[in-house]
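The values are calculated or read from the model by the stated rules, or taken from the named source; none is laboratory data. What you see is a predicted model, and the numbers here were worked out from it, not measured in a lab. Glycine gets a Cβ as well: all are built from the backbone with ideal geometry, and neighbour counts include every protein chain shown. The accessibility values were calculated without ligands, DNA or RNA, using every heavy atom of the protein model including side chains. Shrake-Rupley method; radii C 1.70, N 1.55, O 1.52, S 1.80 Å.
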Amino acid sequence: MKTIQLEKLLHRKEQVVAIRFPYDVHLGNEVRKITNISWSKSLKAWYAPYSIEVLKEIKAVFDPIAIIDANALKLQVEKEKELEQNKKELSADALQQLERFKDWLRSRRYSESTVKTYSEALKIFLLYFDKKQIAEITNEDVIDFNNNYILKKELSASFQNQVVNAIKLFYRSIQNVRINVDIIHRPKRSHPLPNVLSKEDVKKILEAHSNFKHRVMLSLIYACGLRRSELLHLKANDIDSDRGLLFIKQAKGKKDRMVPLSVKTIQLLRDYYKMYKPEVWFFEGQRKGEQYSAESLQSVLKQALTKAKITKPATLHWLRHSYATHLLEAGTDLRYIQELLGHKSSRTTEIYTHVSTKSIQNIKSPFDYL
């Protein structure tokens, strides 16, 4: 059977359903039976005004004689629904409650990043129930949101967990509600292995840029196992070249830590300082005193990957994972790696034992002895 493809488009300022198929006399005759059908040279397709009635007509005409591929149409409809959802605004009461929630988080010294994450997750949840009063939302509604929003859209378990965290914190600060936060369950955590680059790939990435600042930023992330935000918040006085230490202040979990700086890294930082003379942040944007942006830093890595001809979808965090794994493979004690990375629990650091190839590569398969 021949296949016809359906697509929803804007044509001549009108929403239309486009119908495409390879040239076929029989299909061409049949398509003309659809109400208000027309041929478009620009679209190179038949089209009709978009409506449920027209879609039913298309199904009635083509179902017996062709395979109907409506995937593109469904994606467009879902995208439009998403855009429509994003255009929704919270009620005045919900908006006021959301602002109170932000103040509540800040009063408990949550970081601005966490405040933003939780408030945005909560906003999505509240918009989903925009026809209900906040106090009327129940545990059954939370289950409905999980099934018909998060799972239906195939959103990640980490996003679901953020929403659950936000809901629990939000409703604990509100009295006289019908929701029992203690019986809201978090999704089961997945345990993906960290992505690690080989030393050869890391070397290619760090040497890819001719721009010295770009090279230094990527090098320092790998040399010290830094998170993106930790690099961007560095100041010159965080570097103690005499003692060979880098101080990382108020990182994730409001923790301070220090990591060693090698002679090679210190010289790199000295050369950078002499060249750029930063005033506030160690890595500044185009204007003096302006912090280098996270988006620009990610772009720096993306350009390096292209120049190094590395096709892996690496992120800045891959360099941190690679730092930890390469330390482990060099024989560094796991407890020291935990301190260097700023992990609260040793169980977080132990995941690197699963990607270290030093021991794994020495294991012989029983197949080799057959």
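Structure data summary
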| read-out | value |
| --- | --- |
| Residue count, the stretch 238-258 (criterion: in contact with a His (Cβ under 9 Å, 6 or more places away or on another chain) and not basic (Lys, Arg)) | 3 |
| Unmet requirement for LEU328, which otherwise passes all of (1) part of a helix (DSSP H, G or I); (2) in contact with a Leu (Cβ under 8 Å, 6 or more places away or on another chain); (3) at pLDDT 90 or above | (3) |
| Residue, farthest from the chain's Cα centre (by Cα), within the stretch 186-197, restricted to residues that are open to solvent by less than 40 Å² (accessible area, probe 1.4 Å) and closer than 30 Å to LEU268 by Cα | LEU197 |
| Residue satisfying condition, being among the acidic types (Asp, Glu) and within 21 Å of ILE337 (Cα to Cα), within set GLU295, GLU230 | GLU230 |
| Unique match (being surrounded by 12 or more Cβ atoms within 10 Å (Cβ to Cβ), within 30 Å of ARG257 (Cβ to Cβ) and either of a type in the set (S, T, N, Q) or more than 19 Å from the chain's Cα centre (by Cα) (or both)) among GLU200, GLU207 | GLU207 |
| Scan of the stretch 304-325 for residues that are assigned to a loop (DSSP other than H, G, I, E, B) and either aliphatic (A, V, I, L, M) or touching an Asp or Glu at 6+ places or on another chain (Cβ under 6 Å) (or both), ordered by number | ILE310, ALA314 |
| Filter result (of a type in the set (Ser, Thr, Tyr) and free of Cβ contacts under 8 Å to residues at least 12 places away in the same chain) within the stretch 89-114 | SER107, TYR110, THR114 |
| Residue within the stretch 216-227 that is touching a Gly at 6+ places or on another chain (Cβ under 6 Å), modelled with pLDDT of 90 or more and either β-branched (Val, Ile, Thr) or farther than 30 Å from ARG335 by Cα (or both) present | no |
| Failed criterion for LEU73 (all others in (1) more than 14 Å from ILE19 (Cα to Cα); (2) under 28 Å from the mean Cα position of the chain (by Cα) hold) | (1) |
| The stretch 238-292, residues that are without any contact (Cβ under 8 Å) to a residue 12 or more places away in the chain, touching a strand residue (DSSP E or B) at 6+ places or on another chain (Cβ under 8 Å), under 17 Å from ILE221 (Cα atoms) and of a type outside the set (Asp, Glu) | PHE247 |
| Residues that are open to solvent by 40 Å² or more (accessible area, probe 1.4 Å), free of Cβ contacts under 8 Å to residues at least 24 places away in the same chain, assigned to a helix (DSSP H, G or I) and within 26 Å of ARG106 (Cβ to Cβ), drawn from the stretch 136-185 | SER158, ARG172, ASP182 |
| Condition check for ASN161: of a type outside the set (A, V, I, L, M), at pLDDT below 90 and touching a helix residue (DSSP H, G or I) at 6+ places or on another chain (Cβ under 8 Å) | no |
